[in-house]
Every structure is written in structure tokens, then in C-alpha cells.
Amino acid sequence: MWEFSTEPEFQAKLDWMEKFVREEVEPLDLLFPAGGDPYDTRNAAARAILKPLQEQVKTQGLWACHLGPELGGPGYGQLKLALMNEILGRSYWAPTVFGTAAPDTGNAEILAMFGTEEQKARYLKPLLDGEIVSAFSMTEPQAGADPKEFVCRAWRDGDQWVIDGEKWFTSNARYAEFLIVMAVTDPDAAPHQRMSMFVVPAGTPGIEIQRNVATMAERDELDEGIHGYIRYREVRVPADAILGGPGQGFAVAQARLGGGRVHHAMRTVGKCRRAFDMMCERALSRRTQRERLADKQAVQAFIADSWIELQQYRLMVLHTAWVIDTQPHGAARTQIAMCKVAMAKVYHDIVQRALHLHGSLGTTHETPLAEMWMSVPSLALADGPTEVHRTTIAKQLLKQYQPAEGLFPSEHVPPKLAAAKERYAAILKEFA
């Protein structure tokens, strides 16, 4: 049966989260606003504030809720996680406070599924405890996120693997205790069987961070960039550093991406809701031409359109989470891609309207809107270009259809009308 309500016990947890994030977590966004601050474990002041907040989350049983009980989490399904991430999306620091920051969440799942016992002890436990952070090193400067164009290689040399090549945009590499690296191990294999995944300690000789790339929301002159451009110069790791076996890198990567994309989408719902709240407050507070902005039809259209778009997107994400929870693995592929495609446009449109209503103030850093606006282009590229996901959607949908058998479409009216007349000929003749 269809159901659109949340059980009271879990709603109480969501209500606690809502208040906690607004009152306790959002101040961290103001005190430590740089993109790398939540991942910098060496920042003593930030950690002194963070740790007690994390303890409160653990006391509430809301720490690392994407993990099963065997890994210290409650094992919530994607639907509950989506509702939680809607709240966490309000704050940049919130995922770190709740033990759900990317890429650590996905890396933890990879280690849990494919890591050795020694790797789990060395990396997984401190990662789950929030003591260290990690990086996922996949994209390449000449290829972006297209694995068919990857050239960073790894080959077996005795009891070691040797990794050589470049990786681009490895988020948080400068703070990571370890990196999970995708490299080509069989160039002649089928595209999805060419690559393997490796866990590489950050201090391994040969790892060279060429530079930490700053996005448009960061400043090079202050060294705020957190996306590493890395050269792996014949980096040697032991034979058991491979995760999932030779040629299984693509399958390992896919194991971590689906749920993460839904979490990302729902956090975007939370960001949109924050921008929408600001829009409505501004409309009621600001006056021009002797009346409130809220009394202007154009502003009313802004508000109505934004709310409609936000509710449509929210329901799409929640439905996707429900499919993941209730259907066989892979059944939500099209829905996940739909969430990814719609995400950036909904965010762009709502933030743009909110910024516009704030006038010059909206273009400054005296509200969160400028930061939101600068993150729009990145959102369209995160987890793969939007165009790739559009193609996925179209291909999956077209599998459900067949070409017309004859010269005309199957909905061609003349033959259907003739068939209807033939079917009811007796009645039509009787009442002619």
C-alpha cells in the first residue's frame, strides 16, 4: 500500500536532528568555513568542538546510520537515510558530525566488503570512529570520470603491485590517511573489466600531490584547495592491497555509488529548503513601491514555482530510496540517474530566485546564498556529468518499448477507429 507518513519514533529522532543541526552544528559552518575544515583532523580547535557534538549524536543512536549493526551503525534503509540527509543538507559540517561524510562513507563500505582483516583494523575502525579521513582517487585529467579512457596503470611485481599514473580531483587527499585508487590492470580486457581497486597508505613513497586544486568557492592564494592533482610514481603496495580482485574495480566502485547519490540528492533537498526559507522570509520582510515583496505577483510566482519544484524533486528522491529498499539490487538504476539529472537544475533555480530577492545582499558572503550559488556548477558534475546520466535514463526507458510494426505509429487513428467500429458493429447498427 502507499504510505507517506513517518513512524512517530523515527519522527522524534528527525525532530531532534532538526533542532540539533540548526542550533549546534550550523555555528561550525561559520567558525570553520573552508572546504577542507571538516576533514582536517589536525585542526585542534575544530576537533575540540566537533568531538562532543559527535558524542551527542552517538548517544542518540544516530551515528553512521548507513552502516549495519556489525559495523557500529543501526543499518537504516535508504528511505530513513534520505529523510536524515534532508536535514544534514542544511550544514556543510553536519555529515562529519553524524559520521556520514563523503567519500568516507563509500570507502568504509568498500573496506567492509572487500578489505582484509588487517586493513579493517588499520583503516576501517578509525574511519568509522571519525578519527581519520580518506580519499577516493578515480578520475583522471585526460578522462574525467570516463573509466574507458583511464590510463593510470598497475601491474604485479612479485609480491607487490606497482601503481603509476596521474589522478585528478581526488577530494581531501591532503588530509587523508589512506587513498582508494582505481588503476588499469588489464588494458586489453572489456571496458568494465580493465580496472582494479587498491587501498594505498597516504605516506607510501611515490605519492606526489602536484597541487591542491581550488574550486571557484576556494582561494588559491590562501591554499584552500582540497582536490588533489596526484602523480603516482611507481607506488608500491603489497599484493593484498587489491580490493575485490583483479579486474573488479568497476564493480567495487558501483557498490559504493548508488546509495551515496541518493544521500547527495536528499542533502540537496535540504539546501534547497534552506534557500526557500530565506526566500519566504525576505519576501515578508522587504518592502518596495510601498508594499511587501510578498505582495508582488512575480515574487509569488517565485515562491510557488520553487515549492512545486522542491516537492516534486523530494518525492522523486524518496521514491528512489524506497525502490532501493524494497526491490532487487540494481532496480533503482534509472531512478538514481533521474535524481542526479534533476538535482542541479532544481538547486540552481531555487537558489537563483532566493538570491535575486535578496538583491545586492544575496551576492555577498553575508548570507549563505553566495556559497550556494558557487556550488551549482560542481553539483552538476559531482558523481558523473549530468549528460551521462541522461543517456542512462533514455537507454533504460527505451528498453521498455518496441518499434511500430507497420508504416504508421501504433496510435495511428484510422486502423484503431476501424477496429472499434468492427467490434461494436451490431450495437452501432441497432442504434444508428
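Against the numbered list (1) modelled with pLDDT of 95 or more; (2) crowded, with 18+ Cβ neighbours inside 10 Å, residue 291 comes up short only at (2). Note on the range 164-180: residues that are assigned to a strand (DSSP E or B) and within 30 Å of residue 34 (Cβ to Cβ) total 10. Go through the range 326-343 and count every residue that is buried (at least 21 other Cβ atoms within 10 Å of the Cβ) and not basic (Lys, Arg). So the answer is 7.
Restricting attention to the range 260-288, which residues are under 28 Å from residue 336 (Cα atoms) and open to solvent by less than 40 Å² (accessible area, probe 1.4 Å)? Those that are under 28 Å from residue 336 (Cα atoms) and open to solvent by less than 40 Å² (accessible area, probe 1.4 Å): 260, 262, 263, 265, 266, 267, 268, 269, 270, 272, 275, 276. In the range 26-116, counting only helices (runs of 4 or more DSSP H) that sit wholly within it, the ones holding 3 or more residues that are open to solvent by 20 Å² or more (accessible area, probe 1.4 Å), of a type in the set (A, V, I, L, M, F, W, C) and under 30 Å from residue 245 (Cβ atoms) span 104-114. Remark: residue 197 falls outside the filter, which requires a residue to be surrounded by 15 or more Cβ atoms within 10 Å (Cβ to Cβ), out of contact with any Pro (no Cβ under 8 Å at 6 or more places or on another chain), at pLDDT 95 or above and more than 21 Å from residue 106 (Cβ to Cβ). Of the residues contained in the range 252-261, none is found to be modelled with pLDDT of 95 or more and not hydrophobic (A, V, I, L, M, F, W, C). Identification of helices (runs of 4 or more DSSP H) wholly contained in the range 332-432 with 2 or more residues that are in contact with a helix residue (DSSP H, G or I) (Cβ under 9 Å, 6 or more places away or on another chain) and closer than 23 Å to residue 281 by Cα yields 333-357, 369-374. Looking for something part of a strand (DSSP E or B), open to solvent by 20 Å² or more (accessible area, probe 1.4 Å) and polar (S, T, N, Q) - is there at least one such residue anywhere in the range 249-259? No, every residue in the range 249-259 fails to be part of a strand (DSSP E or B), open to solvent by 20 Å² or more (accessible area, probe 1.4 Å) and polar (S, T, N, Q). Among the candidates 323, 346, 317, 299, the residue that is touching an Asp or Glu at 6+ places or on another chain (Cβ under 6 Å) and surrounded by 15 or more Cβ atoms within 10 Å (Cβ to Cβ) is uniquely 346.
The values are calculated or read from the model by the stated rules, or taken from the named source; none is laboratory data. This is a predicted model, so every value here is computed, not measured. Positions of Cβ are generated from backbone atoms using ideal geometry, with glycine treated the same way; all protein chains shown enter the neighbour counts. For the accessible areas, the whole protein counts, side chains as well, though only heavy atoms, and no ligand, DNA or RNA atoms are used. Shrake-Rupley method; radii C 1.70, N 1.55, O 1.52, S 1.80 Å.
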